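Every number here is computed from the coordinates shown, using simple stated rules; none is lab data. A quick note: this is a predicted structure, and the numbers were derived from the prediction, not measured. Note: ideal-geometry Cβ built from the backbone for every residue, glycine included; neighbour counts use all protein chains shown.
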Amino acid sequence: MSNFNAVDFDAPLTLVISTQGSFRLSACNKAAAGEGLSIGQLVTDARALCPGLQVLEATPEADARALRQLAAWATRYTPWVAPATGVNGIDGIFLDITGCAHLFGSEKELLTDLLRRLKEFDIAARACVTGTLGASWALARYGKGSSVLNRDAEAQALAPLPISALRLSDQTAEGLLQVGLKRIGDLAAVARAPLASRFGPEALMRLDQALGKASEPVMPQILEAPLRVRNAFVDPLVQTDAMVLAIEKLCAEMEVLLLERGRGARALKLTLFRVDGETATLEVGTARGTTDAAHLARLLAERLDQLSSDLDIGFGYDAAILDIPRTDALAASQVDLSADQKPFSGDLSSFMDRAGNRFGWARVQHVYPVQSHIPERAVMAQAAHVGPPSLDWAEEASRPAALLPCAEPIEVLAEVPEGPPKTFRWRKVAYRVSRAEGPERIAPEWWRAESASNGVGARTRDYFRVEDDGGRRFWIYREGLYGREATTPRWYMHGFLD
Amino acid sequence: MFAELCTMSNFSFLRGASHPDEMVITAAALGYSAVGIADRNTLAGVVRAHVAAKDAGIKLLVGSRLVTRAGFEIICYPQDRIAYGRLTKLLTKGNRRAPKGECHIDLEDVLEHSAGQVFIAMAPMMASLVLEEGFANHLARLAKACPDQTYLAQSFTYGRNDTKRLWELERLAARTRVPCVATNDVTYHAPGRRTLADVLTSIREHVPVAQAGFLLAANGERHLKPPAEMTRLFKDRTRALLRTEEIAARINFSLDELAYEYPDETREGYPTPQHALEALTEAGMQRRYPTGVPDRIKAAIKHELELVAGLNYAPYFLTVHDIVRFARSQNILCQGRGSAANSAVCYCLGITAVDPAQIDLLFERFVSAERNEPPDIDVDFEHERREEVIQYIYARYGRHRASIAATVITYRSRSAIREVGKAMGLSIDMVDALSRTTWGWSSGGIIADHVREIGLDPEDRNLALALELTREIIGFPRHLSQHVGGFVITESDLDTVIPIGNAAMPDRTFVEWDKDDLDALGILKIDVLALGMLTAIAKTFELLENHYDLPLELATVPVEDNDVYDMICLADTIGVFQIESRAQMSMLPRLKPRCFYDLVIEVAIVRPGPIQGDMVHPYLRRRDGTEEVIFPSKALETVLGKTLGIPLFQEQAMKIAIVAAGFTPAESDRLRRAMATFRKVGIIHEFNTKLVEGMVSNGYERDFAERCFKQIEGFGEYGFPESHAASFALLTYISCWIKHHYPDVFLCAMLNSQPLGFYAPAQLVRDAREHGVEVLPVDANLSNWDCSLEPSDGGSHAGPRAFAVRLGFRQIKGFRAEAGEMLTAARGSSFDSVRDLWLRTGLGKGALETLAHADAFRTLGLDRREALWAVRALGTEPLPLFRSAASVGAEEEVKLPTMPLGEHVVHDYARLRLSLKAHPMEFLRENFRREGHVTCADLKTIRAGRRIKLAGLVLVRQRPGTAKGVIFATLEDETGTANVIIWAKTFETFRKIVLGSKLLAVRGQVQREGIVIHVVSDHLEDRTGDMSQLTDEDRPRAMPRSRDFH
């Protein structure tokens, strides 16, 4: 797959979808089509035809989402707007402009306005105004271009189009093609009863829908109300305490809303409106979806507290709106049935929310074990709000709990080829080894790029656990196999053992 | 001072990362006193190790690493032949009760077979300090049951707690009274194989290397280490170290001891097999030569029988005779070939139909007293009926005495890049694209230029690593499979010789060794092979008898028919056996075969051996009389006499090594074997020097010597001896004879034996029609499952009783044989409508639709659209039980759009792989003519050297390994076919087009050699898209793919 940021949109570019283990083109840009690529082709075939072809993975869900958003926008023309469902999911927008066209002058002018605006969005679009959804769908895709057709012209315009313009299932379309009914006109000319008995109701239904003989209403897309609560205050608030009270009230209302919808808040946005029209915004995030009003209020209150010095209260705030821009589905959780005990709260998430919001999420991290023999790669830190902590830690007595940030070179006296250190000097202090165990040999991860060069990680390490005569225990390694990888191996201090 | 006892080769699939011979050779080079090979529950790799150990002069311990179902691992070495038999019995037991590829054994089984074995228990690899309880218990049980036979392996893993681990093991050893033994628990022969070992692990675990984590070993220490290094590691444990040699000394078993007992084969009424053989030969001789046996044959038989007696091979001949006799009794056509098959004795016994009077083969060349090499007779059977013969062998000898040999399936370029690519984290489409850059079954790996061509960068480190590892893994065994037909038969229980395992097919078992292994140990095998052409010939014999009243068998087809040779000389040989390929067809007019032995040469000459040895042209020149027939030496005159002084057959090349280069017969045989396995580069080089220098010092020209070697090299993978060529040539002659005299019968039988041969049904049909055979379409009322002969009225074939070929239902893609049977069983006189057919046959709508798509309702007056329309209506009518006259026929008439002829043709191709209506190119001709393209027929009259444009369907693409990357493509248009040559350089430029097009337009120069015309193309264009003009649809229909060969 190509890197999206490096894509050259003028050069051949295709989107691909994976079907049963093979990748096929789902869309081509103009340049790719010019190279003879076609939708449905295998990526490997396409690559062979067009070396250097840019390939991105198709994202049908995102496309559908974008079309839904566009549908929401299109309500400026009519409230009856819906994403159009074609053969392969959502692939366009239906607008029922009955009774709305005159607001824009005429159907023609509405169409022109719509296309102009879409063009300004950089969206290439084709649209048709006809009497039926089916005819519009067909003509917008298979017709000559964007147009307005009157009732009489529709049937005529539809007749030469291929039957696939009728939104038929593949099976039906294939069956019709096999008996030679390839165009809508062919289909319309055939006696209905024999057709229905052979191909079922679908073909006739779609034909009738396109020709306006059967009704097909637009089911408008219902937009979900945003998660938002607001509060206007009788007197402008000038004191932080009062504001906190207001926040608590908002959060309590929000908790009800969230529970109703079964969502947990992952981000909060509080907008405060000052009497003179200025606004202030507080934003906080959480590590996992939550509905707990007290917790949410505390996060906001703490943020308010942090900002208090910057916050110019002026003549006070007279209104506040709480928005939840991001949510998670709420998973049911087990309630402790014994009433007298407070449920044990081993859950760190409320603490992490507070710490994360206060210090920044980059500073609150989980440490995860990674399956790597190389010690410094065996753990990985990740921002805490990305996922839950790992409980998958192996018992690890033979390794230090923490490593030095960087292995430090030491001078060592040791027996060749692979004897343990006898004495070593670390940070200018000499140590005499009284006990040693090893070597534990760890070879480089040869598949990584850095093991190719002669840099760090390109050589085998021999780790030793050593104890000096003072009872201090160190974890030391020699880098480079004697005689095989290096003539003079180097030694490093990597950590301390209990 | 040190012997490594615990090694795993790559026959421990996806665990060991070295070939057994690499292991053994390295051990010898490091100076080990002995080495043991013990693969997981198998002995599959030991013969290779055994051969290598004999060469390298190191003692080999043959054993197996027994892994019980509980996960207890013990290495087991039998101390003598009897103990070895117990081990093979144990493994057989484990194999037979497990699914293919697995072996289920428990400690109880091991104890049951423990007498005479040496056991080395292998502690599990783990970081934990406390040894696993289960292991300790198992060890204690084993030690108690087999004291003095059990050892415990100790090794330095360079893991976290080596010292403690070793100490734990010593404590356990003391507790169970088991001595410790030093090892490095080796899985690869050299440190460099660590990467491959990691890749194998990730292939095994189905996870990319980068994500395999702790599944991979932390380090790469499990290789063979110099004894000094082992001594240093075990300096505090010298007893354990010395014990390795003690154990090696205890084991006195070598695979050479497997004195192979051939089945007794005594026949009732005869004191010895030899007597029986002589009597059978005598009887056969009278049958073969009813008019009197020629003296020459008498003498040959006497001589051969003496040789057979001297080597005690009579039982082997009797076995083959018995199998052939069975086949004959069941009317299964068969034909022997191979070293001993074309002897006078075998002719008399009916094993072969090649009359020794017709061809003069020296028996000694194949069965020789001095080499003590087993005779080799392969018998080909009709491929559709071979299973009956196999079951007969099982029934006769019992499963405990007869089994099929193994075939070791190894990684080839494609499988290697697929699995390594996945392991290296390449995306599926990338791996796909890479694997497509290789041709067929290549073993050459992936070429950087091809990588670049599919838009990838071969310099990319990860990709480069993947390609390198791909090259390394090629040749590694992946799994064992059953050989196509090599049977091993023994007198006593086979499972005391070789472990036997289940095959994927039900009711099949196979031994763990492949034919080279068996060969190396001198174990006899009989190849019961399947040959499609025999099926076709058997079918022609049946048709000839039924329709022409002409009973024939292989030996009674009229010989040396001049008309047949005329046809062969014109290269009019589409569909016949062996001489139908492009290369063969262009050779025929030059070689001009006029007698049987010419055919033998023709069959053998277009092979990698003679071509690589550059022997073809000198032979042709000498045959044409433009070059003098001289022999390199007096000594070689006897060897090369029949082939005008040019070595063409494998036996001749081997004989040259003996006569001219001073090889011993055994050496020459080793040379042949070394060639068969492409991997042994080092050994081959050694032989090269020996052969060439040997010949030069004996006064031969260096150039000739080197060509001889190249030829032997070429024989390696596709060895083609004269004896095989003779048997094949007979089938070639017979198929030509039938094709010439009964082209209708020939076509019918060929179509009924598909898939077979070089050409698709479309070309066979086309060729037959050009020879005047009338071919009739598939029809629901007239066809049977098989193609059949019908009295012809419109054919122009010369013969008075010629028939027309009615295509059968088998020609329809996706139509099942059972459906065909149901249809013909219910048909009676005929069906009067689609509905009638449906009601009477009970066929599903799917099957009817398939028939409609195939346009098989024409006698009902329906074309494919109308038929489909009718079929579609069927399900909606009342059930048969309730049907009444009133409910039928009330439907409105519907006039469907007519299907253009071009579209019919396209559909014919899609459903039947051929069309009798027209050729697709006819519909495009107007366009192509306007662009200046000539037709294939035009080529005949165009003078050589002219540049032309030509377009046609791609029938065949071929890239012979011997032709230095040249592609031969065959194009077909409505007038005929044309041969296109694409030089390697042009191919590289137009690679995609050459490999991808179905309709190809070429520009190039006409070349002519006698009657052979080629177009040497320097520009190609993919015109597959033009095909959409044939239909009024917007999308292209599937056209048949070309057949690609390498």
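Here are the numbers for this structure:
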| item | result |
| --- | --- |
| Contour excess over end-to-end distance, with Cα ends at A:ASP170 and A:ARG432 and 0.36 nm allotted per residue | 86.3 nm |
| Too-long pairs where the Cα-Cα distance tops 20 Å, listed order kept, from B:LYS144/B:LYS235; B:LYS93/B:LYS525; A:LYS108/A:LYS144; A:LYS30/A:LYS119; B:LYS655/B:LYS690 | B:LYS144/B:LYS235; B:LYS93/B:LYS525 |
| Alpha-carbon Debye profile of the range B:426-542, log10 I(q)/I(0) at 0.20 Å⁻¹ | -1.03 |
| Reach of A:LYS269 by Cα under 29 Å, taken over lysines that are not fewer than 8 positions away in the same chain | A:LYS249 |
| Under 16 Å from A:LYS182, Cα to Cα: aspartates and glutamates that are on another chain or at least 8 residues apart | A:ASP170, A:GLU174, A:GLU202, B:GLU866, B:GLU903, B:ASP1032, B:GLU1033, B:ASP1034 |
| Rounded FRET efficiency, nearest 0.05, which uses the C-beta distance separating A:LEU245 from B:ASN137 and R0 of 45 Å | 0.05 |
| Sorted by Cβ neighbour density within 10 Å, fewest at the top, the residues B:PHE381, B:PHE631 | B:PHE631, B:PHE381 |
| Label-point separation, B:ALA115 to B:GLU637 (7 Å along Cα→Cβ), nm | 6.5 nm |
| FRET efficiency estimate (nearest 0.05) - Cβ-Cβ, A:SER22 to B:ALA984, R0 25 angstrom | 0.25 |
| Cα centroid separation, the range B:73-129 to the range B:227-287 (Å) | 20 Å |
| Interchain or long-range residues, amide H under 5 Å from B:TYR411's placed H | B:GLY475, B:PHE476, B:ARG478 |
| Sparse-neighbourhood loop sites, chymotrypsin sites (Phe, Trp or Tyr not before Pro) in the range A:103-193 - DSSP loop, at most 15 other Cβ within 10 angstrom | A:PHE121 |
| Percentage, to the nearest whole number, of Cα pairs in the range A:33-106 over 19 Å apart | 56 percent |
| Whole-number percent relative contact order across the range A:403-496, with pairs defined as alpha carbons under 8 Å at least 6 apart | 28 percent |
| Rel. contact order, % - alpha carbon contacts under 8 angstrom, at least six apart, the range A:227-358 | 36 percent |
| Calculated from backbone phi, Karplus (6.51, -1.76, 1.60) coupling profile of the range A:360-369 in Hz, x at Gly/Pro | x, 5, 4, 9, 10, 10, 9, 10, 10, x |
| 5 angstrom amide H check on A:GLY316, placed H, neighbours 5+ away | A:VAL275 |
| The range A:403-496: radius of gyration and largest Cα-Cα distance (Dmax), Å | 13.1, 41 |
| For the protein assembly as shown, projected area of the alpha-carbon convex hull averaged over all directions, nm² | 76.4 nm² |
| Reach of B:LYS710 by Cα under 15 Å, taken over aspartates and glutamates that are not fewer than 8 positions away in the same chain | B:ASP614, B:GLU651, B:GLU686, B:GLU693, B:GLU701 |
| Helix-derived mean residue ellipticity, 222 nm - over chain B, DSSP H n ≥ 4, -39500 (n - 2.57), to 500 | -13000 deg cm²/dmol |
| For the range A:217-227, 3J(HN,Hα) per residue [Karplus equation, 6.51 cos²θ - 1.76 cosθ + 1.60, θ = phi - 60°, Hz, x = Gly/Pro] | x, 7, 8, x, 6, 8, 8, 6, 5, x, 6 |
| Percent of beta bridges antiparallel (DSSP, chain B, rounded to nearest 5) | 65 percent |
| Theoretical FRET efficiency, 1/(1+(r/R0)^6), r = Cβ-Cβ of B:VAL629 and A:ALA196, R0 56 Å, to 0.05 | 0.10 |
| Surrounding net charge for A:LEU237, when Lys and Arg each add one and Asp and Glu each subtract one, Cβ distance under 11 Å | -2 |
| Exercise: per-residue mean of other protein chain Cβ atoms within 10 Å, A:436-446 | 6 |
| Simple spin-label estimate for A:TYR142 and B:SER830 in nanometres, 7 Å along Cα-Cβ | 3.9 nm |
| A:GLN306 paired with A:LEU103, simple spin-label distance in nm, labels 7 Å along Cα-to-beta-carbon | 4.4 nm |
| Under 5 Å, built H, 5+ apart or other chain: amide partners of B:CYS180 | B:LEU152 |
| Check: the protein assembly as shown dipole with +1 on Lys, Arg Cβ and -1 on Asp, Glu Cβ, in debye | 1360 debye |
| Relative contact order (%) - chain B, alpha-carbon pairs under 8 angstrom, separation at least six | 8 percent |
| Vicinal HN-Hα couplings computed from phi for the range B:417-422 (Karplus, 6.51 cos²θ - 1.76 cosθ + 1.60; Hz; Gly/Pro x) | 5, 4, 7, 5, x, 4 |
| Cα centroid separation, the range B:483-549 to the range B:596-621 (Å) | 30 Å |
| Listed residues B:PHE487, A:SER349, B:ALA726: farthest to the positive end of the dipole of the protein assembly as shown (Cβ charges) | A:SER349 |
